[in-house]
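First comes the structure, then the notes that go with it.
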Amino acid sequence: MKNQKTNISILTLSLGSGGAEKVISLLLKELKNDYNVSLVLFYDVIHFPIPEEVDVTVLSKKGADRPYFLRFIDFITFFIKYNRFIKKNNINIAVSFLAFPNLLNGIIAILNKKVKTIISERGFPSDNTTSRISLYISKVFYPIFYNRCHALFSNSIHINKDLKDNFGIKIPMEVIYNPIEIPTKTIVSETLNNNKKILDIITAGTLNKRKNQAMIVRALNEQENNDKLTILGGGELKDFLESEITKYNLNDQVQLGGKVKNVNDYFLESNCFILSSFTEGFPNALLEAMAIGLPCISTNCLSGPLEMLNENEELNINDGEFYIAKYGLLVNNDDHKGLHKAIEYYRNHPKERERYSRLSLERSKQYQIKNIYSIFNQFIQK
């Protein structure tokens, strides 16, 4: 028989290798100490570790890569099973992550007034939809079902503003940034440039249009040196990136490292991290690179980089230029010439690389799991 702790459920699509899934995995490690925790997954995909104290329920054994109309049918089945699960397990607090689980939690909020329903939006809604139909569904159903929940949290003030201004969300909203576990090994800033006559640049993320790794390749093409670039991740644009690398004769300088689990090992062998995305919900890779102690360059995309690298103080960057922010360098979206200059700045100022390495380590400590969990726990208990 379970103890007298409050019963809490965490609902999401799966525990695959995404950013929201990693956040859930980290939160579970802390939640288990204060609650009876149940993890409810739409699909049986598990990449991150789950504490043994957490009960796991999978609503479907089918794969997550299903056509849109089948996922809609799945949604109906999921609601029936989830509603039954909430009642059977006497769930007091139901937390959900991502759009479809959030909509399902909104329905639960309508039918079961005893359950506190809390939802979490993880991407920038206006830019993070997959099609016009998806955007239309969001515009129609977010106001109906999100607004029936008790509260919402996201990982960026820009996400909350978008939800309020463009989707009519009126429930209490709060920003709770993604947590991170500080790695056991970090870069010693003073030795960052030892025996490094070139920049060993690294980036990590799915190879897709949104991540825009081709911007970094084009920036390297502007260089007159032999800086190296490692691109970690897999995805649909692998062939395109290979062709871009070949087109610019950069095969000796640019390596596609594929999907790896030991990302930190690659970070430790590098001395500069670049985030080139058009848009982000919250850039976990950027935070992880900072936690290792890498000096960073990022596009000033929505959302996350401005908050992390400049404490969300607004700025203006001229085309073809870069901005020296508080905790890293910022460039405009898809501006490979500005990125080229930012890379050159780090190359020509090794002491600045060391300084930003120290600042990265300092900044990342604010996102430690203990700090973020304390904020999260206070939020769900309001």
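Observations, loosely collected:
- Verdict on residue 207 being farther than 22 Å from residue 183 by Cβ and either modelled with pLDDT under 95 or not small (Gly, Ala, Ser) (or both): yes
- Residue match in the range 336-353 (condition: within 29 Å of residue 172 (Cβ to Cβ) and surrounded by fewer than 19 Cβ atoms within 10 Å (Cβ to Cβ)): no
- Restricting 311, 362 to residues that are at positive phi, of a type outside the set (Val, Ile, Thr) and surrounded by fewer than 22 Cβ atoms within 10 Å (Cβ to Cβ) narrows the list to 311.
- Candidates are the residues of the range 24-58 that are at pLDDT below 95 and not aromatic (Phe, Trp, Tyr); the one that is farthest from residue 368 (Cα to Cα) is 44.
- Residue that is nearest to the chain's Cα centre (by Cα) [pool: residues in the range 240-272 that are among the hydrophobic types (A, V, I, L, M, F, W, C) and assigned to a helix (DSSP H, G or I)]: 263
- Residue in the range 253-263 that is surrounded by fewer than 22 Cβ atoms within 10 Å (Cβ to Cβ), at pLDDT below 95, within 19 Å of residue 212 (Cβ to Cβ) and among the polar types (S, T, N, Q) present: no
- Helices (runs of 4 or more DSSP H) completely within the range 310-382 that count 2 or more residues being aliphatic (A, V, I, L, M) and out of contact with any strand residue (DSSP E or B) (no Cβ under 6 Å at 6 or more places or on another chain): 350-364, 369-380
- The set of residues in the range 368-379 that are buried (at least 21 other Cβ atoms within 10 Å of the Cβ) and either of a type in the set (A, V, I, L, M) or closer than 17 Å to residue 284 by Cα (or both) contains only 372.
- Failed item in (1) surrounded by fewer than 23 Cβ atoms within 10 Å (Cβ to Cβ); (2) outside any helix (DSSP H, G or I), with residue 297 passing the rest: (1)
- Residue 118 being touching a strand residue (DSSP E or B) at 6+ places or on another chain (Cβ under 6 Å), of a type in the set (Val, Ile, Thr), within 28 Å of residue 306 (Cα to Cα) and not assigned by TED's automatic domain parsing to the domain that holds residue 22: no
- The listed residues are 198, 182, 176, and the only one of them that is surrounded by 15 or more Cβ atoms within 10 Å (Cβ to Cβ) and aliphatic (A, V, I, L, M) turns out to be 176.
- Within the range 14-37, not a single residue is over 21 Å from residue 118 (Cα atoms), of a type outside the set (S, T, N, Q) and more than 20 Å from the chain's Cα centre (by Cα).
The values are calculated or read from the model by the stated rules, or taken from the named source; none is laboratory data. Keep in mind the model is a prediction, meaning the values are calculated, not measured. Every residue, glycine among them, receives a Cβ derived from its backbone with ideal geometry; neighbour counts consider all protein chains shown.
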